[in-house]
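J.: This is the structure I want to talk about, given as structure tokens.
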Amino acid sequence: MAKLLLTLTLWFFSALAFSQTNTPNAVANYDCSRQCLYQALDRYLQGLLAKDPTQIAWAENVKFTENNVPLRIGDGLWGTITGMGDYDLRVADVAAGQVGFFGVVEEPHFSSLYALRLKVDNGRIAEVETVVLRTETEPKSIIWPEPVLEHKPLFYDILPEERRRPKDRLISIADGYFDTLQLNDGALFTEFHEDCNRVENGTKTTNNAAVEFTAVGALGCEEQFRQGNYRYDDRLRARRFPLVDEERGLVLASGFIDHSGQLDKYTLSDGTLVNSPIRYPHTFYLLELFKIDDGKIRQIEAVFVTVPYGMGSPWLPPTLPGRL
């Protein structure tokens, strides 16, 4: 009897070892380092460029959205991509198994800014959130200049211990930026570094007098908000902060900016009367990266697209009508 039990035990463990080495979906449970997350990102981008989802290790249940719409893997950009630009801004959160990317993708008739968030679970991709800014299809309420994509080593700088902040504080600072932007009237709910700059959809929208669609483009981050220029941003809702890198002071955020389009003229805090550039209801859906140094926002990178006004997030539980 003892010999039979020993034989059965040996057979069971041999079969288990065989199944683990020969079953494609069997993956050891391990922590994914920063390099591991970057490698997962590279494999995803390579598979996307090849239009071949089979090159990628997928989790059993995968969630994929493009411009806030749930799609099947292989649909959307997967079917139209023809190339990628050399802009490459990436960020990783080892504890959360999240990696983010800002770059450029090519399609048959134009190139587009591209933002991506992946969640990696046991070495397999479980979540894919993408924003593809196809400027030719965007409404023309705001005319964006041609993108100027400069590599930003600042996002990779490791902060000294005394200038770092814990995860919850970093999220609070980024959330305070959204509070400041919402119905912006000159009040600040976060802090800005004196060298703060912001790049939105490839355009530097601070310290840049060439920006024509805002009355305060030549000003820095804090000065713009103290002027109350962004009064037309009615709501900053469905905010999420899925990725935080404490060592580098980075927060990747997602959310929606609702514009009711009702505001016509308004007065800046210096008395200047300006016209709102937005005059119809619509919503911006965004992925936005913050560099926070010593508790102050120093650099911002955002890619956003226009979606239907009040559109909900497939990444959050649905909200009831009237409860924004």
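Read the figures in this text as sums done on the coordinates, not as results from a lab. None of the values given here were measured: they were computed from a predicted structure. Ideal geometry is used to build each Cβ from the backbone, glycine not excepted, and the neighbour counts take in all protein chains shown.
J.: So what are the three principal axis dimensions of the chain from its Cα atoms, in whole Å, longest to shortest?
T.: Answer, in whole Å and largest first: 94, 48, 42 Å.
J.: Relative contact order of the chain: what whole-number percent is it, with Cα pairs under 8 angstrom and at least 6 residues apart?
T.: 15 percent
J.: By how many nm would the segment from Thr54 to Glu247 lengthen if fully extended, with 0.36 nm per residue of separation less the alpha-carbon distance?
T.: Contour length minus the Cα-Cα distance gives 66.1 nm.
J.: If you bin the C-alpha pair distances of segment 34-135 every 10 Å from 0, what whole percents do you get?
T.: 16, 54, 28, 2
J.: By what distance, in whole Å, do the Cα atoms of segment 212-324 stretch along each of the three principal axes, largest value first?
T.: Its Cα atoms span 41, 39, 21 Å along the three principal axes.
J.: Still on this structure, I have one more. Hey, can you rank 174-184, 224-234, 73-83 by average C-beta count inside 10 Å, highest first?
T.: Packing order, densest peptide first, comes out as 224-234, 174-184, 73-83.
J.: Using the basic label-point model (7 angstrom from Cα toward the beta carbon), what is the Leu181 to Trp315 distance in nanometres?
T.: 1.3 nm
J.: I would also like to ask the following. Describe numerically, in nm with one decimal, the distance between label points set 7 Å from Cα along Cα→Cβ at Ser260 and at Asp31.
T.: According to this spin-label approximation, the distance is 4.9 nm.
J.: Nothing charged except the Cβ atoms of Lys and Arg (+1) and of Asp and Glu (-1): what's the magnitude of the dipole of the chain about its Cα centre? Round to the nearest 20 debye.
T.: Values: 33 positive and 44 negative charges, 195 e Å.
Using only the charged Cβ atoms, the result is roughly 940 debye.
J.: With contacts defined as alpha carbon pairs under 8 Å and 6 or more residues apart, what's the relative contact order of segment 159-307 in percent?
T.: Result for segment 159-307 is 28 percent.
J.: While we're looking at this one, here's another question. Which of the pairs Lys119/Lys296; Lys152/Lys291; Lys51/Lys152; Lys204/Lys265; Lys63/Lys152; Lys167/Lys296 have their Cα atoms more than 19 Å apart in this structure?
T.: Lys119/Lys296; Lys51/Lys152; Lys204/Lys265; Lys63/Lys152
J.: Note down the nm distance, to one decimal, between modelled labels 7 Å out along Cα→Cβ at Val307 and at Ser276.
T.: Result: 2.2 nm between the two label points.
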